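Here is the structure we will look at.
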Amino acid sequence: MSEQMTAKVDVDLAQPSILSRRNPLRYVMLLAGLAVLVMLPYWIYPPVAMDILCWGLFAISVDLLLGFTGLLSFGHAAFWGGSAYCTGLIATHWGVPFPVAVIGGAVFAMLIAWPIGYLSVRRTGIYFAMVTLAFAQMLYFIANQARDLTGGENGLQGIPRNFFGIELVETDPFYFYYVGAAMILVGILVAWRVVNSPFGRVLTAVRDNPARARALGYDVERYKITVFIISAGLAGLAGGVFAVSHQFASLQELMWTTSGKVVLITVLGGIGTLWGGLVGAGVVVTLEDYLASSGFEGIGLITGTIFVVIVLLFRHGIWGTARNVLRRYVLERRGRRRD
Amino acid sequence: MSEFIQYTLQGLAAGGFYALSALGLAVIFGVLGVVNFSHGACYMLGAVLSAVLLAELNVGFWAALVIVPILMFGFGVLMERLLVRWLLELDPLYNFLLTFGLTLVIVEAVKQRYGVSGLPYQVPAGLGGQVSVGSVNLSVYAIFACLFSVVVCVAVGLLLTKTRIGMIVRAATEAPDRTRALGINVGLWVTPVFGFGIALAGLAGVLAAPTRAITAEMGSNFIIILFAVVVIGGLGSILGAVVAGFLVGLVEAYGIAYAPTYAQIVIFVLMALVVLVRPSGLFGREEVA
């Protein structure tokens, strides 16, 4: 089980990007991405746009573990849902502006991630997935039992959306989107920074060859726990914004199906691609929205089938496939220039 | 005291369902290296199938006890041949994800076909009612379910340790390449073993049908507790799966009886303790990380 998921799909992640820092295409793509981010609520219903970004960051947090550390967490709903509840409680009881509540939720997610991570990293590979799944389910039961706090099956309703008295943001989903998007963007930047840092390099080393990383003097477990906590914080950030956007936190957020859905989004986007999470979220959320509005009830049939198909035939995911095509193209052109 | 004995029996009966399913999970993992997420869904399918057989073909419990595992064996064979097989060479996480997707499909399909409310199923004739031992009233069916699962577990244990088939399967688990070198076609064994594991889950489903609510969701929580069972027992270990299955059944039953609020949580606390003290599980071998 020492061989990790990414190593076998030959997604040579450790390589530097094919586009050098000077390549103008890099900036064109970055600008295009930002433009999409800004224009999104013009194109689609703003709350759905917000959902895409939340699930996108959630998927990125999972990818941080799966793609860059080689750990499949199947219990990330614990942090997403835990933060959703915590954010809701802070916003309801203290009436603080929602970004503060969301940060509170993210901190809470990191706090519960510490013991869960500490225990889970004692196992690797498939065991890690099972242990995290079980711990998330434990949190689900706790939330279900603590009815006074969480509202049990009814969930936490009417989470206020205070924002320094600026009414447009508080009431209009369109303007709320931009504040929420800014928070998500911060989360994405954190993930990007983590991956492209010396710390991120060590994570890749831990993923590819834990024994060698240990021999080089790195405390493998500590690195795993640290990235687990960072990832939980990002998942918490996403979950908090999600709860405020819906003004609602429910047990659904803590269910293992939520953990599964985010893994689906991550794999669909492309493991180890970081940005793929946003693309995957765009596809899955719009698809679900479309199916729900067209009155189709068996969403599980569709998502389950997608899961089976991408795992069988499309393991690089959307972003991964696009990147491979681009890489081939660039390399070919370089080869031709040399001739 | 009499209550305590009742709870113990209930725990052992529930533990029987866990032990049988965990045994299937462990056998599949041992030979294929696949953690089958859809095991809970297969348990559910076993229960639903026996209810449907009764309602539409008037096939009773005893016949279902034989027919359903055979059907599930076929289902498992199809699953392995059509889907799981293609990912065996890759990291086991891929098959974990594949079977997760399959779970969503199976559960949703059953939900669409049979609705979300429970299907009816009665305790079979001859096993209903209670038997009094001194001052203690015990459910006959619970005694039966408990004994039956113990017998099946022992039978599987004997099959694996005392027969030639068992020897081949164990050899294929431990050293596939060397087994191949000895002239045994390991690839040929993979499919029936997978089917066998699924059949065990289906059998647990049939056993659970008379006492549990038969719904599409009945496997959802089951599979996660099953994961806790195999983490506690050690996934590589057959004995561990069975012992941990009964242990978790007991813990759950006492939890429901004496601390209903924490019943579900206690199992995961137990798992956390095992992971903390003995990461490879009670009966597991040390992992080579």
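Derivation of every value follows stated rules applied to the coordinates shown; laboratory data play no part. Computed from a predicted structure; not experimentally measured. In this analysis, Cβ positions are derived from the backbone assuming ideal geometry, glycine residues included, and neighbour counts consider all displayed protein chains.
Determine the shielding of peptide B:102-111 by partner chains: average, over its residues, the number of Cβ atoms on other chains within 10 angstrom of each Cβ. Write out the running numbers ahead of the final one.
Values: counts 5, 5, 15, 9, 3, 4, 9, 4, 0, 4.
Neighbouring Cβ atoms belonging to other protein chains average 6 per residue here.
Helix A:256-269 against the longest principal axis of chain A: what's the angle in degrees, Cα atoms only, rounded to the nearest 10?
Roughly 40 degrees between the two axes.
Can you give the helix-only mean residue ellipticity at 222 nm for chain B, where every DSSP H stretch with n ≥ 4 adds -39500 (n - 2.57) and the sum goes over all residues, rounded to the nearest 500 deg cm²/dmol?
On the way: 11 runs with 210 residues, N = 289.
Helix contribution divided over all residues of chain B: -25000 deg cm²/dmol.
Considering only A:Gly81, A:Gly187, A:Gly239, give the residue with the highest GNM mean-square fluctuation for chain A, with springs between Cα atoms whenever their separation is below 10 Å.
Of A:Gly81, A:Gly187, A:Gly239, the Gaussian network model singles out A:Gly187 as fluctuating most.
So for each of B:67-77, B:33-43 I average, over its residues, the number of other beta carbons within 10 Å; can you give me the resulting order with the highest mean first?
On the way: B:67-77: 20.5, B:33-43: 26.8.
For the peptides B:67-77, B:33-43, the packing ranking is B:33-43, B:67-77.
Rounded to the nearest Å, what's the spacing between the alpha carbon centres of the range B:92-163 and the range B:225-289? Just the number, please.
So the separation of the two Cα centres works out to 18 Å.
Report relative contact order for the range A:5-338 in percent, whole number only (criteria: Cα-Cα under 8 Å, sequence separation at least 6). Can you show the working numbers first?
Values: 518 pairs, mean separation 104.3, N = 334.
It comes to 31 percent, rounded to a whole number.
Which whole-Hz ³J(HN,Hα) couplings does the range B:269-276 yield from phi under the Karplus relation 6.51 cos²θ - 1.76 cosθ + 1.60, θ = phi - 60°, glycine and proline marked x?
Working through the residues one at a time gives 5, 4, 4, 4, 4, 5, 4, 6 Hz.
Give the average, rounded to an integer, of partner chain Cβ atoms located within 10 angstrom of each Cβ in A:117-129.
Taking the mean over all residues of the peptide, I get 5.
Take chain A, connect every pair of alpha-carbon atoms lying under 10 Å apart with a spring to form a Gaussian network, then pick out the residue of A:Val38, A:Val241, A:Val267 with the largest mean-square fluctuation.
The residue with the greatest mean-square fluctuation here is A:Val38.
Using 1/(1 + (r/R0)^6) with R0 = 41 angstrom and r between the beta carbons of B:Leu78 and A:Met39, what's the FRET efficiency to the nearest 0.05?
Numbers: r = 47 Å, r/R0 = 1.14.
E between B:Leu78 and A:Met39, to the nearest 0.05, is 0.30.
Across peptide B:78-86, what mean number of C-beta atoms from other chains lies inside 10 Å of a residue's C-beta? Don't skip to the answer; put the middle values down first.
Details: counts 0, 0, 0, 0, 1, 3, 0, 0, 3.
Mean shielding count: 1.
Roughly how many Å is it from the Cα centre of the range A:62-109 to that of the range B:173-224, as a whole number?
37 Å
Per-residue counts of other Cβ atoms within 10 Å, averaged by peptide: what ranking do you get for B:197-208, B:225-236, highest first? Walk me through the intermediate numbers first.
Numbers: B:197-208: 29.7, B:225-236: 27.7.
In descending order of packing, they fall as B:197-208, B:225-236.
Tell me, what is the Rg over Rh of the protein assembly as shown, with Rh the Kirkwood radius over Cα pairs?
Numbers: Rg = 25.2 Å, Rh = 25.5 Å.
Using Cα coordinates only, the ratio equals 0.99.
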